[in-house]
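Accompanying notes for the structure given below.
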Amino acid sequence: MLGEIGDDRSRFRDARALKAYAGAAPITVASGKSHAVHHRRVKNQRLAAAGYVWIFGALPSPQVKEHYDRRRARGDRHTAAMRHVFNRLLGCLHHCLATGQKFDPTKAFPALAPATT
């Protein structure tokens, strides 16, 4: 991941720019009554491939697995849920690189509080 991103910390203005470069951010097209969400075709292919390997390595983590299962329960397909996890991990990577903090899965993927009645 870091080999494809590079060592210039100011290369990406924010996490959204990194996500778009990696192809994890979807493209939303809206016009009038129509609304469509597409995946990015133009992206850094090596970074996207490394990201999906990164996701499969992160899935044994209980927090990541819970987040993936929650997205699947919402109706996301496998690829959309994986892209969402990749999006979250890229945002965390950008934050960690920008602030110098270590990755904490409990902060990155907080457990949802049970709904009270």
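Please treat every number below as a calculation from the coordinates, not as lab data. Source: prediction; values computed, not measured. Every residue, glycine among them, receives a Cβ derived from its backbone with ideal geometry; neighbour counts consider all protein chains shown.
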Mind putting a number on the dipole of the stretch 2-108 about its Cα centre? Charges go on the C-beta only, +1 for Lys and Arg and -1 for Asp and Glu, and I need it in Debye to the nearest 20.
380
Once amide H atoms are built 1.01 Å from N in the peptide plane, which residues 5 or more positions from G23, or in another chain, come under 5 Å H to H?
N44
Charges on Cβ only, +1 for Lys and Arg, -1 for Asp and Glu, centred on the Cα centroid of the chain; of H67, L93, P26, which one is farthest towards the dipole's positive end?
P26
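Let me make sure I get this right: for the chain, a, b and c are the square roots of the gyration tensor eigenvalues over alpha carbons, sorted descending. Under 1.5 in a/c it's rounded, otherwise prolate if a/b > b/c, else oblate. Which is it?
Because a/c hits 1.5 or more and a/b fails to exceed b/c, the chain counts as oblate.
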Report the extension gain between F103 and S10 in nm, rounded to one decimal, defined as 0.36 nm multiplied by the number of residues separating them, less their alpha carbon distance.
31.5 nm
Please identify the longest segment of the chain free of exposed trypsin sites (Lys or Arg not before Pro), where exposed means a DSSP state other than H, G, I, E or B and no more than 12 other Cβ atoms within 10 Å.
42-73
Over 24 Å between alpha carbons, listed pairs K19/K107; K33/K65; K43/K65; K43/K102:
K33/K65; K43/K65; K43/K102
Under the Karplus relation with 6.51, -1.76 and 1.60 and θ = phi - 60°, whole-Hz ³J(HN,Hα) for the stretch 82-97, x at Gly and Pro, equal 5, 5, 5, 5, 4, 4, 5, 5, 5, x, 5, 4, 4, 5, 5, 5
